[in-house]
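Working notes, beginning with the structure itself.
Values in this text are rule-based calculations from the coordinates and carry no lab data. No experiment lies behind these values; they were computed from the predicted model shown. Here the Cβ is made from the backbone with ideal geometry for all residues, glycine too, and neighbour counts use every protein chain on show.
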Amino acid sequence: MTSHLVSAVKVGKRFGAVQALEDVTLDVEAGEVVCIIGPSGSGKTTFLRCINQLERIDSGALWLNGELTGYRRVGDALHPLSEKEIARQRRATGMVFQRFNLFPHMTALENVTEGPIQVLKQKPAEAKEAAVALLERVGLVNKASAYPTELSGGQQQRIAIARSLAMRPTLMLFDEPTSALDPELVGEVLTVMRALARSGMTMVVVTHELGFARDVSDRVVFMDEGRVVECESPDTLMSKPREARTRDFLRSILQKA
Amino acid sequence: MRGAAELSFAEEVDVARLRHVRPRHYGRIVAVIIILAFAAFVIRAFAIGRIDWSTTREFLTWPSILMGLVNTLWMSVACMAIGIVIGVLCAVARGSPNPVLRVVAIGYAWFFRGTPVILQLLIWFNLGLVFPYLGIPGLFTVRTVNVITPAIATLLGLGLNEGAYASEIMRSGMLSVDHGQYEASKAIGMSYLQSLRRIILPQAMRVVVPPLGNEFIALIKTTSLASIIGFSDVLRNAQDIYYGNAKVIELLMVAAFWYLVVVSILSVGQAVLERRFGRGFASAARR
């Protein structure tokens with residue numbers, strides 16, 4: 001459609017009686033870091049899951065790298081793509097989950113090489129070499145043969161980031177990557193994410209870390225009740241929020257801190 | 001007041017040098033004595049009872065006994081393999097969004113768990129009464145009695161029955177795997193089958209191996225039921241011998257010996273499998 005990396009137009013998603021997303025329109029440019037903040041249940045995680053099609057959207061349309069995701073347009077109708085096609089589109093995005101979701105029966109290294117070997121059909125030696133480089137990048141090359149249960153939460157999340165990067169995605173999605181971590185482990189994960197942002201990776205981050213959002217992101221999106229309330233540069237949104245809802249939310253977060 | 005009185009001895013003696021007496025388990029000692037006495041009684045009874053142990057020893061490696069043992073073994077392995085394959089398919093079907101598949105899987109388990117396995121064996125063996133000929137009309141046909149031998153009937157009967165039980169075990173194993181694992185495997189672009197094979201089933205195995213081992217052990221013994229439709233398992237062949245020489249208990253002991261040997265070996269195999277699939281789960285806890 002356009003040159004945006006992600007282009008969401010009037011995206012809607014409904015879970016039974018709950019309208020989780022309503023008319024969400026948002027573009028993300030290549031190389032941009034966008035943070036999404038908002039109260040729980042505001043739809044920010046759902047929106048992230050729609051971008052990589054863990055959820056199917058019910059209305060509107062979403063483009064990724066200029067390609068319509070999840071559907072094929074035939075005249076006035078959108079026909080769902082096959083699971084195989086969706087899996088192919090999904091490969092362009094990496095997803096980092098709140099609860100890490102590492103594969104517990106595999107070592108850190110095997111977690112990182114699993115996708116490249118099974119999905120991208122890389123040679124094991126080649127995948128391993130790339131994986132070691134990625135583990136080095138997240139500072140965990142000495143934990144290559146450790147199983148997830150032997151790692152701290154922060155280490156697990158860094159392995160999870162390496163696992164996503166191994167698929168060479170053009171877009172990285174982070175779903176509250178530090179919310180499940182002990183406070184003293186948050187910093188190491190944010191450090192890795194900062195370095196990733198500096199390297200030019202396009203990132204969409206759902207987070208409650210306002211400090212991180214202010215430092216790293218190009219734009220901050222505030223969502224509430226399934227809608228984008230405002231979308232500004234971090235300084236503007238945090239120091240001069242336009243909407244009352246944004247002000248209330250920021251105040252409630254800052255009070256806790 | 002009382003607390004003060006108990007604390008007061010700290011002034012009289014050197015607390016650090018007090019000896020801690022280990023608790024005595026009198027109940028255990030009594031239990032050991034009773035059990036040993038009972039075991040001695042049983043062993044003595046069999047030793048002086050009217051069992052000709054030399055006959056048992058003689059028939060332990062009798063050709064038809066060993067042949068029966070081989071039959072019991074391959075039948076158990078084959079039925080278990082059929083059971084696991086059907087079990088995985090049914091477990092996947094139960095979790096499918098397709099209602100037709102779900103109903104088929106539920107109906108299958110309902111039928112095969114709902115009737116005695118001996119009855120199922122008899123139905124398979126007598127299939128020729130319902131369908132005298134099998135095949136695709138016009139292409140090929142065969143007489144049912146020629147196809148459904150005792151071995152085939154046992155394979156179908158026990159295999160399909162085992163599938164119904166294994167499906168519930170596999171289902172519980174797959175349910176035990178966190179939903180985040182499906183999502184993480186999807187997120188790295190895996191197809192559903194890849195995710196099942198590489199991520200979900202290996203983790204389900206950890207939960208599934210103990211009950212499946214249980215099923216396998218039960219199955220080895222259930223193959224003896226197939227003797228009623230003429231399958232020559234170890235028990236059936238032992239019986240055939242004692243019909244001739246009237247050494248009933250001696251030959252039953254031969255069969256008992258071999259069942260115990262096989263089950264013991266299996267228990268070791270199960271422990272190995274459990275360790276294999278427990279990788280990444282137990283390792284941290286054990287250290």
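Please list, in order along the stretch B:207-222, the HN-Hα scalar couplings obtained from phi with the Karplus expression 6.51 cos²θ - 1.76 cosθ + 1.60 (θ = phi - 60°), rounded to whole Hz, x for Gly and Pro.
Values, residue by residue: 7, 8, 4, x, x, 5, x, 4, 4, 5, 4, 4, 5, 4, 7, 5 Hz.
Do you know the relative contact order of chain B, to the nearest whole percent, from alpha carbon pairs under 8 angstrom that are 6+ apart?
Relative contact order comes out at 24 percent.
Can you give the FRET efficiency for A:T149 and B:V103, using 1/(1 + (r/R0)^6), R0 = 35 Å, r = Cβ-Cβ distance, to the nearest 0.05?
It comes to 0.35.
Loop only by DSSP, 15 or fewer other Cβ within 10 Å of the Cβ. Give me the trypsin sites (Lys or Arg not before Pro) in the stretch B:43-75 that pass, ordered by residue number.
Passing sites in the stretch B:43-75 are B:R50.
If we count every other residue with Cβ under 11 angstrom of B:R206's Cβ, Lys/Arg +1 and Asp/Glu -1, where does the sum land?
Once all neighbours under 11 Å are counted, the net charge is +2.
Rounded to a whole number, what is D in µm²/s for the stretch A:54-150 from Stokes-Einstein with the Kirkwood radius over alpha-carbon pairs (25 °C, 0.890 mPa s)?
My calculation gives 155 µm²/s for D.
Of B:F281, B:P99, B:I152, which is farthest towards the positive pole of chain B's charge dipole, taken about the Cα centre with +1 and -1 on the beta-carbons of Lys, Arg and Asp, Glu respectively?
So the residue furthest toward the plus end is B:F281.
Using a Gaussian network model of chain A with C-alpha springs under 10 Å, which one of A:T236, A:T178, A:T113 is most mobile by mean-square fluctuation?
A:T236
With no solvent and one equal point scatterer placed on each C-alpha of the stretch B:1-115, evaluate the Debye formula and give log10 I(q)/I(0) for q = 0.16, 0.20 Å⁻¹, two decimals.
For the requested q values the scattering log ratios are -0.98, -1.07.
Quick check: convex hull of the Cα atoms in the stretch B:70-174, volume per residue, rounded to a whole Å³?
Spelled out: Cα convex hull of the stretch B:70-174, divided by residues, is 122 Å³.
Give me the percent relative contact order of the stretch A:150-257, please, defined on Cα pairs under 8 angstrom at least 6 residues apart.
About 19 percent, as a whole number.
Would you please give the residues with an amide H less than 5 Å from that of A:V229, counting only those at least 5 places away or on a separate chain, with H modeled from the backbone geometry?
Close amide H contacts, sequence-distant or interchain: A:F222, A:M223, A:D224.
Go ahead and estimate [θ] at 222 nm for chain B from helices alone: -39,500 (n - 2.57) per DSSP H run with n ≥ 4, summed, over the residue count, rounded to 500.
Calculated at 222 nm, the ellipticity per residue is -23500 deg cm²/dmol.
Apply the Kirkwood formula to chain B: the hydrodynamic radius equals the inverse of the mean of 1/r over all pairs of different alpha-carbon atoms; give it in Å with one decimal.
Every distinct Cα pair counted, the radius reaches 23.9 Å.
State the percent of C-alpha pairs, over all pairs in the stretch B:114-242, separated by a distance greater than 18 angstrom.
66 percent
Quick one: dipole size for the stretch A:122-257, taken about the Cα centre, charges +1 on Lys/Arg Cβ and -1 on Asp/Glu Cβ, in debye to the nearest 20.
Dipole size: approximately 240 debye.
Where the convex hull is taken over the Cα atoms of the protein assembly as shown, what is its projected area averaged over directions, in nm²?
44.3 nm²
Between Rg and the Kirkwood Rh of the stretch B:235-278, both from Cα atoms, what is the Rg to Rh ratio?
In the stretch B:235-278, Rg relative to Rh is 1.31.
When a/c is below 1.5 the answer is rounded, else prolate if a/b is larger than b/c, else oblate, so apply that to the stretch B:198-286 with a ≥ b ≥ c taken from the square roots of the Cα gyration tensor eigenvalues.
Here the stretch B:198-286 falls in the prolate category.
How large is ³J(HN,Hα) for each residue in the stretch B:193-205, as worked out from phi by the Karplus curve 6.51 cos²θ - 1.76 cosθ + 1.60 (θ = phi - 60°), to whole Hz, x for Gly and Pro?
Taking θ as phi minus 60°, the curve returns 5, 4, 5, 4, 5, 8, 10, 6, 4, x, 6, 5, 4 Hz for the stretch B:193-205.
Provide the FRET efficiency to the nearest 0.05 for the B:N245-B:L129 pair, computing r from the beta carbons and using R0 = 45 Å.
Calculated transfer efficiency: 0.80.
Give me the one-decimal nm value for the distance between modelled label points at A:S82 and B:S54, 7 Å along each residue's Cα-to-Cβ direction.
If labels sit at A:S82 and B:S54, their model points lie 7.4 nm apart.
Quickly estimate the mean residue ellipticity at 222 nm for chain A, helices only: each DSSP H run with n ≥ 4 gives -39500 (n - 2.57), and the total goes over all residues, rounded to 500.
-11000 deg cm²/dmol
Which whole-Hz couplings ³J(HN,Hα) result when phi for each residue of the stretch A:122-130 is put into the Karplus expression 6.51 cos²θ - 1.76 cosθ + 1.60, θ = phi - 60°, listed in order with x for Gly and Pro?
Result, rounded to whole Hz: 6, 6, x, 5, 5, 5, 5, 4, 5.
Spin-label point model (7 Å from Cα, Cβ direction): what's the B:A10 to A:D23 distance in nm?
That separation, rounded to one decimal, is 7.3 nm.
Given the convex hull over the Cα atoms of the stretch B:185-242, what projected area results after averaging over all orientations, in nm²?
If you wrap the Cα atoms of the stretch B:185-242 in a convex hull and average its projections, you get 5.8 nm².
What does the charge dipole of the protein assembly as shown about its Cα centre add up to, to the nearest 20 debye, if the Cβ of each Lys and Arg holds +1 and the Cβ of each Asp and Glu holds -1?
That gives a dipole near 960 debye.
For the stretch A:174-237, state the semi-axes of the equivalent ellipsoid (square roots of 5 times the eigenvalues of the alpha-carbon gyration tensor), sorted largest first and rounded to whole angstrom.
20, 15, 10
Under a point spin-label approximation (7 Å from Cα along Cα-to-Cβ), what is the A:E243-B:T61 distance to one decimal in nm?
For the pair A:E243/B:T61, the computed spacing is 8.5 nm.
What is chain A's relative contact order, in percent, from Cα pairs under 8 angstrom and six or more apart in sequence?
Relative contact order of chain A: 25 percent.
Under a point-charge model restricted to the Cβ atoms of Lys and Arg (+1) and Asp and Glu (-1), what is the dipole moment magnitude of chain A relative to its Cα centre, in debye to the nearest 20?
Here chain A has a charge dipole of around 360 debye.
If a/c stays under 1.5 just call it rounded; otherwise compare a/b with b/c (prolate if a/b is bigger, oblate if not). Do that for chain A, with a ≥ b ≥ c from the square roots of the Cα gyration tensor eigenvalues.
oblate
Just subtract the alpha-carbon distance of B:R279 and B:F140 from 0.36 nm times their residue separation and send over the number in nm, one decimal.
Extra length from B:R279 to B:F140 when fully extended: 45.0 nm.
So, R0 is 41 Å and r is the distance between the beta-carbons of B:V77 and A:A30; what FRET efficiency does that work out to, to 0.05?
It comes to 0.10.
Which is farthest toward the positive dipole end of the stretch B:1-88 among B:A47, B:M75, B:V88, measuring Cα position about the Cα centre, with Cβ charges +1 (Lys, Arg) and -1 (Asp, Glu)?
With unit charges placed on the Cβ atoms, the residue in question is B:A47.
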